[in-house]
Amino acid sequence: MKDELNRQSLVANLKVVCLAGGVGGAKLADGLAHIVPPENLTIIVNTGDDFEHLGLTICPDLDTVMYTLAGVANTETGWGRAGESWRAVDEAARLGGPDWFRLGDLDLATHLVRTQMLRDGESLTAVTRHLTHHFNIQPALLPMSDQPAPTMIETDDGTLPFQTWFVKERWQPPVKQVVLPDDARATPAVMKALENADLVIIAPSNPFVSIEPILNVYPIRAMLMDLPQAVVAVTPIIGGQAVKGPAAKMMQERGLSVTAGAVAAYYGDLIDGFVYDQQDEGALDGLDAAGLCVDTWMRDQSDRIRLAQDALAFAAELGSR
Ligand code: GDP
């Protein structure tokens, strides 16, 4: 009991930044949102997956995090909203429009409002603040950049925009290289959050196409390296497999072993601590960073909260050393 109180008071006043992609990122961000006071939590989200479709600006990772924090996400698909209907996209397809990217009717409302506001000259940061306000989300949700910063995937059949590779090609073409823009700049809001951060948690998102695009935005990587306190990453690989999506396949294609240890090595000296799964107990001996071995599989909301608590307490302890 006393230990638990100590743990809670250790993290209560710390400013926490979480770097997140879509599904894995959203689940941990939701756990954090349940335990960190909202004024102390900022979630910086990958926008490398963003694209234009049917004339609309779609931000898949921002929306997955937003819908998850609002409790309206479709947890079965990992994208879009629960309780959707599909009349608009079905009709668009019948009229000869593209049918490979599904946008439900409720989801479409988000893209309509976002696209209109962007066309009126608002920044993506301001649009996201507006949308999260209307979803009653209190922590700050920030796009990594206000400029388009598209992730491109180089394959044997040419270089594909991210969503073409991920959704249309179902991430099957082997990845020769992930190509990231060299001119993406962080927003003032992102820089301020990182300047004030006590702890940074890198969510269990895909290291190559969710986290790397964020780190690639100048000067986010340098700011993390300079952070006086702790940067802690949570593994997206459990027992040699990805919970979901292409992370394991991409590791194989890069010639990496598909292990949590290889993810930790990939982050290298960027991280001070690495949270890995109990299934991999003993497999990360010799890790450069400090390690925490716990259950990292977030099956339900209590798992999300427990993992967020574990990761935060671990980071706080590392930061106070
Ligand atoms: P995406 O953009 O929707 O693919 O989402 P992310 O990049 O945020 O998340 C995908 C990664 O999250 C995958 O590599 C999964 O293995 C990982 N992931 C998803 N759910 C969990 C979970 O419950 N626990 C852990 N440790 N990793 C998870």
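Here are a few things to note about the model shown:
- Among the residues of region 114-125, those identified as surrounded by fewer than 15 Cβ atoms within 10 Å (Cβ to Cβ) and assigned to a helix (DSSP H, G or I) are 116, 119.
- One residue from 253, 212 being touching a residue at least 60 places away in the same chain (Cβ under 8 Å), acidic (Asp, Glu) and out of contact with any His (no Cβ under 8 Å at 6 or more places or on another chain): 253
- Residue within region 280-294 that is in a helix (DSSP H, G or I), modelled with pLDDT of 95 or more and within 13 Å of the ligand (Cβ to nearest atom) present: yes
- You will find that of 261, 273, 239, 245, the residue that is in contact (Cβ under 8 Å) with a residue 12 or more places away in the chain and crowded, with 23+ Cβ neighbours inside 10 Å is 273 and no other.
- Contact map, region 33-53: first residue surrounded by fewer than 17 Cβ atoms within 10 Å (Cβ to Cβ), second residue of a type in the set (Val, Ile, Thr) and part of a strand (DSSP E or B), Cβ cut-off under 8 Å, separation 6 or more or different chains; pairs are 52/58.
- Being farther than 17 Å from residue 180 by Cα, at pLDDT below 95 and open to solvent by less than 30 Å² (accessible area, probe 1.4 Å) is a property that residue 227 has.
- Residue 114 being touching a Cys at 6+ places or on another chain (Cβ under 9 Å) and either farther than 27 Å from residue 37 by Cβ or not small (Gly, Ala, Ser) (or both): yes
- Of the residues examined, residue 47 is one that is at pLDDT 95 or above and assigned to a loop (DSSP other than H, G, I, E, B).
- Options 200, 178: the member that is of a type in the set (A, V, I, L, M, F, W, C), open to solvent by 10 Å² or more (accessible area, probe 1.4 Å) and either within 16 Å of residue 246 (Cβ to Cβ) or at pLDDT 95 or above (or both): 178
- Members of region 75-105 found to be without any contact (Cβ under 8 Å) to a residue 24 or more places away in the chain and either within 21 Å of residue 25 (Cα to Cα) or of a type in the set (S, T, N, Q) (or both), listed by number: 75, 76, 77, 82, 85
- Residue 87 being open to solvent by 10 Å² or more (accessible area, probe 1.4 Å) and within 16 Å of the ligand (Cβ to nearest atom): no
- The listed residues are 103, 108, and the only one of them that is in contact with a helix residue (DSSP H, G or I) (Cβ under 7 Å, 6 or more places away or on another chain) and not in a loop (DSSP other than H, G, I, E, B) turns out to be 108.
- Looking across region 303-321, the residues that are among the basic types (Lys, Arg) and in a helix (DSSP H, G or I) come down to 304, 306.
- Only one entry of 39, 76 meets the criterion of being at pLDDT below 95 and not aromatic (Phe, Trp, Tyr), and that entry is 76.
- Neighbours by Cβ (under 6 Å, 6+ apart or cross-chain): first from region 221-233, closer than 25 Å to residue 284 by Cα; second of a type outside the set (A, V, I, L, M, F, W, C) and in a helix (DSSP H, G or I): 229/319; 230/319; 233/267
- Residue 275 satisfies every condition listed in (1) within 14 Å of the ligand (Cβ to nearest atom); (2) outside any strand (DSSP E or B) except (2).
- Among (1) open to solvent by 10 Å² or more (accessible area, probe 1.4 Å); (2) touching a helix residue (DSSP H, G or I) at 6+ places or on another chain (Cβ under 6 Å); (3) not small (Gly, Ala, Ser), the one test that residue 58 misses: (1)
The values are calculated or read from the model by the stated rules, or taken from the named source; none is laboratory data. These numbers come from a predicted model, not from an experiment. Glycine gets a Cβ as well: all are built from the backbone with ideal geometry, and neighbour counts include every protein chain shown. With ligands, DNA and RNA removed, areas are computed over all heavy atoms of the protein, side chains included. Shrake-Rupley method; radii C 1.70, N 1.55, O 1.52, S 1.80 Å.
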